[in-house]
Amino acid sequence: MALYCLYESSIGYALFHAHGIDEIGQNNEAVRNSVTDFNRFGKVMKLVGFSPFDSASDSFNQCNAVSEGHMADGLRNFLELTLPKIKEGKKPKYSLGVAEPKLGSHIFENTKIPCQSNEFINELLRGVRQHFDKFISNLKSGDLEKAQLGLGHSYSRAKVKFNVNRVDNMVIQAIFLLDTLDKDVNTFAMRVREWYSWHFPELVKIINDNYLYAKVAKYVDDKSTLSEDSIPGLTEIVGDEDKAKEIVEAAKASMGQDLSPVDLINVKQFAQRVMDLAQYRKNLYDYLVAKMNDIAPNLAALIGEVVGARLISHAGSLTNLAKCPSSTLQILGAEKALFRALKTKGNTPKYGLIFHSSFIGRASAKNKGRMARYLANKCSIASRLDCFLEKSTTVFGEKLREQVEERLDFYDKGVAPRKNIEMMKAALENADGKAMDVDEISVEKSEKKSKKKKSKSDNVEPMTEEAPNGEATEEPKSEKKKKKKEKRKLDGEAPAKDQAAEIANGLSAEGGTAKKKKKKSKE
């Protein structure tokens, strides 16, 4: 059977006929060795047809269709014109080798051309790709590279354009930067504490907050200059007059060494940098909160902006998070512990990133797993609402949060929570001003119940019937029971009568024989 190979390049479609495969061998290793030598490989692969693309846009459209596994009209026309025609009712005497299995199956469905895609075909196409410029005549050097570069840029640009409306990328970057800033600010603040402690070691015990410590260090500068006049300024920074007085008193009896003016300038500059970073971190947090309220308002209202942003960044996007089942969302972020547990056959983790939620911390030790499962369920609902709702609203997230609060009370105090359908009905009423499909669902359920009751009542007679004198008769069930008992008695009496008749007949027969015997004896 003849073998043809389809090669999709950036300048057009090319069809090759592999007619001398025996010369290079039919195993993958032999083809790999022969690919480097064009004189040997060129005898095996012969160019049968070439269809160049009309323009750069046509090249992009054809490339996009091939990547999605679809056969475009241009490719179909090229194959029908170049390949030998298949006679009706007969099997084709050739097969077409393609690099993409999906494209091969689509070609076979539409044209009935048998296609194959395996490692051997891929090695042949690799050789074609390496020596393609030698197969095509009148191709200038550099033209193929320029076409590949232009097509690569346009294809990548189109793929990136698909993410224009997915602004959750900004949330992912913001949460990563926020975590990095937290680490950096802590590291730099510790460096400020250690550096300034050589001059004023007592300040570390008085001021615990890193940001406030950097502010005070910048304000105090040289501890010997502190006096009673500095208390109002320190009070404004610290927010407590007693602490300000304590700082002044500690500066008077400080055991720290004196620093030169140049050293103090460097300490002040570094403290200012730490303050700027801390301020930028606050601004970034505000930006993240605003973004989360735009992108995932329900998820943010339910579990908080930071934890919600971490879930989105770990899943990759809001769409990916919405696709996750609640069981996956529950252990999102604890993959190492999960696979370790599966490998060692131990207990799997109960929670991942949602452990940072306040609900898990408020639950008792025995209820943490149950709470994590319930919270993951509600987070999954909230993420899907945020992903697929056209209007942005926080009503559903607030109602889901109320449900989680009620569930927490149920675990702790035993207070029965409200049903999910009631909460969603209230959320829909708050969102649109009217109940939507929930009422229809409840009406359908009530109708089904009433139909079942009717069908049961149709099979049974009315419960009470009035007698002509106005008195109520007994229930039909008791009447049925009486009828059944009478039937049973009749059924029981019939065989008894039969038995009695048989006995009577037997006795009469015996009596007859006895009389005959008496007559015979008399005779």
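Details
- Cβ-based charge dipole, region 239-330, positive-most Cα from I247, H314, L302: H314
- Region 168-258 - percent of accessible surface contributed by carbon and sulfur, probe 1.4 Å: 52
- Spin-label model, K85 to S67: label points 7 Å out along the Cα-to-beta-carbon direction sit 3.7 nm apart.
- Solvent exposure of region 256-297, expressed per residue, is 58 Å² of accessible area, with all protein chains present and a 1.4 angstrom probe.
- Over region 269-416, the reciprocal of the mean inverse Cα-Cα separation, the Kirkwood hydrodynamic radius, stands at 16.5 Å.
- Dipole check for region 280-402: with +1 at the C-beta of Lys and Arg, -1 at the C-beta of Asp and Glu, and the Cα centre as origin, the magnitude is about 740 Debye.
- Förster radius 25 Å - calculated FRET efficiency between E145 and V48 (Cβ-Cβ, nearest 0.05): 0.50
- Ellipsoid equivalent to region 139-244 - semi-axes via the Cα gyration tensor, in Å: 57, 17, 11
- For region 277-331, carbon and sulfur atoms together expose 52% of the accessible surface, with a 1.4 angstrom probe and every protein chain in place.
- For region 328-394, the equivalent ellipsoid derived from the Cα gyration tensor has semi-axes of 26, 16, 8 Å, listed largest first.
- Between K419 and K93, full extension at 0.36 nm per residue minus the direct alpha carbon distance yields a gain of 110.6 nm.
- Mean shadow area of region 175-303, taken as a quarter of the surface of its Cα convex hull (nm²): 9.1
- With 5 Å bins beginning at zero, the pair-distance distribution over Cα atoms of region 284-369 amounts to 3, 14, 21, 23, 18, 12, 6, 3, 1 %.
- With θ taken as phi - 60° and the Karplus curve 6.51 cos²θ - 1.76 cosθ + 1.60 applied, the whole-hertz 3J(HN,Hα) list for region 272-285 is 5, 5, 5, 4, 5, 5, 5, 5, 5, 5, 5, 5, 5, 5 Hz, x standing for glycine and proline.
- Karplus-based coupling profile of region 389-400, in residue order and whole Hz: 6, 7, 9, 8, 8, 10, 4, 5, x, 5, 5, 5, with θ = phi - 60° in 6.51 cos²θ - 1.76 cosθ + 1.60 and x standing for Gly or Pro.
- Stretching D263 away from S224 to a fully extended chain increases their span by 12.5 nm, per 0.36 nm per residue minus the current alpha-carbon distance.
The values are calculated or read from the model by the stated rules, or taken from the named source; none is laboratory data. Source: prediction; values computed, not measured. Glycine also receives a Cβ, built like all others from the backbone with ideal geometry; neighbour counts cover every protein chain displayed. These area figures cover heavy atoms from the full protein model, side chains too; ligands, DNA and RNA do not enter into them. Shrake-Rupley method; radii C 1.70, N 1.55, O 1.52, S 1.80 Å.
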